[in-house]
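Read the structure below first, then the notes.
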């Protein structure tokens with residue numbers, strides 16, 4: 001690997017990591033806005049998404065330039081492709097955070113569901129931890145850690161199932177809360193989708209480190225793994 005290619009990959013790595021941390025913050029701010037019914041915070045999340053989108057485009061342009069002009073081989077090629085592919089998932093995580101923020105603005109009332117909000121908070125913390133560990137696996141080029149992070153997504157799925165059951169019970173107790181409960185269910189589903197995107201990121205981490213294209217959590221659709 002030439003010194004020029006090494007430097008280019010170093011810049012891509014730094015940009016990708018910064019994007020990942022920015023997306024993690026967006027997740028936190030969006031779910032906090034929803035839990036606190038804070039429209040101002042929600043609008044800030046929506047406004048901040050433009051910078052994340054621009055970062056994804058900038059990383060894509062830089063990556064394509066490296067591929068075209070320097071024609072990296074082997075591990076260098078994989079490092080560039082990991083950024084190209086995984087940054088798309090980070091951008092989509094940001095889009096999901098925006099969707100959570102928009103759901104805050106659509107809440108019919110400021111009526112909260114404290115017990116459900118607590119479960120959402122637990123899901124949010126678990127997802128942030130998952131994403132940050134995925135970024136750590138990326139920086140350290142540790143495929144085994146990436147696989148462990150992907151496995152933790154099954155916990156997120158179980159949390160979603162538990163939260164959904166809780167919401168159904170809340171609806172049975174007070175049908176007037178139907179609109180609010182629907183919003184909580186939408187947000188929970190968006191968080192579950194974010195977990196799926198983090199798994200995609202870890203799959204690209206494995207590729208970057210080993211050259212293997214893998215599908216992690218292939219048994220995820222087995223309900224026994226999610227509900228058991």
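A few remarks follow.
- Looking only at the stretch 159-196, residues that are in a helix (DSSP H, G or I) and more than 17 Å from the chain's Cα centre (by Cα) come to 24 in all.
- Qualifying residue in the stretch 21-40 (condition: more than 18 Å from the chain's Cα centre (by Cα), touching a residue at least 12 places away in the same chain (Cβ under 8 Å) and either surrounded by 20 or more Cβ atoms within 10 Å (Cβ to Cβ) or assigned to a helix (DSSP H, G or I) (or both)): yes
- Qualifying residue in the stretch 209-228 (condition: in contact with a helix residue (DSSP H, G or I) (Cβ under 9 Å, 6 or more places away or on another chain), touching a residue at least 12 places away in the same chain (Cβ under 8 Å), closer than 23 Å to residue 79 by Cα and assigned to a helix (DSSP H, G or I)): yes
- Just one of the numbered conditions (1) within 27 Å of residue 36 (Cα to Cα); (2) over 17 Å from the mean Cα position of the chain (by Cα) is not true of residue 97: (2).
- Out of 97, 79, sole residue that is in contact (Cβ under 8 Å) with a residue 60 or more places away in the chain, assigned to a helix (DSSP H, G or I) and farther than 19 Å from residue 190 by Cα: 79
- Count of residues meeting criterion [assigned to a helix (DSSP H, G or I), over 12 Å from the mean Cα position of the chain (by Cα) and either buried (at least 22 other Cβ atoms within 10 Å of the Cβ) or touching a residue at least 60 places away in the same chain (Cβ under 8 Å) (or both)] in the stretch 125-148: 6
- Test: residue in the stretch 58-65 that is part of a helix (DSSP H, G or I), free of Cβ contacts under 8 Å to residues at least 40 places away in the same chain and within 21 Å of the chain's Cα centre (by Cα): yes
- Selection within the stretch 170-192: residues that are in contact (Cβ under 8 Å) with a residue 60 or more places away in the chain and surrounded by fewer than 17 Cβ atoms within 10 Å (Cβ to Cβ). The member of this set that is nearest to residue 144 (Cα to Cα) is 186.
Since every read-out is calculated from the coordinates, none of them should be taken as a lab result. These numbers were taken from a predicted model, which means no experiment stands behind them. Note that each Cβ is placed from the backbone with ideal geometry, even for glycine, and that neighbours are counted across all protein chains shown.
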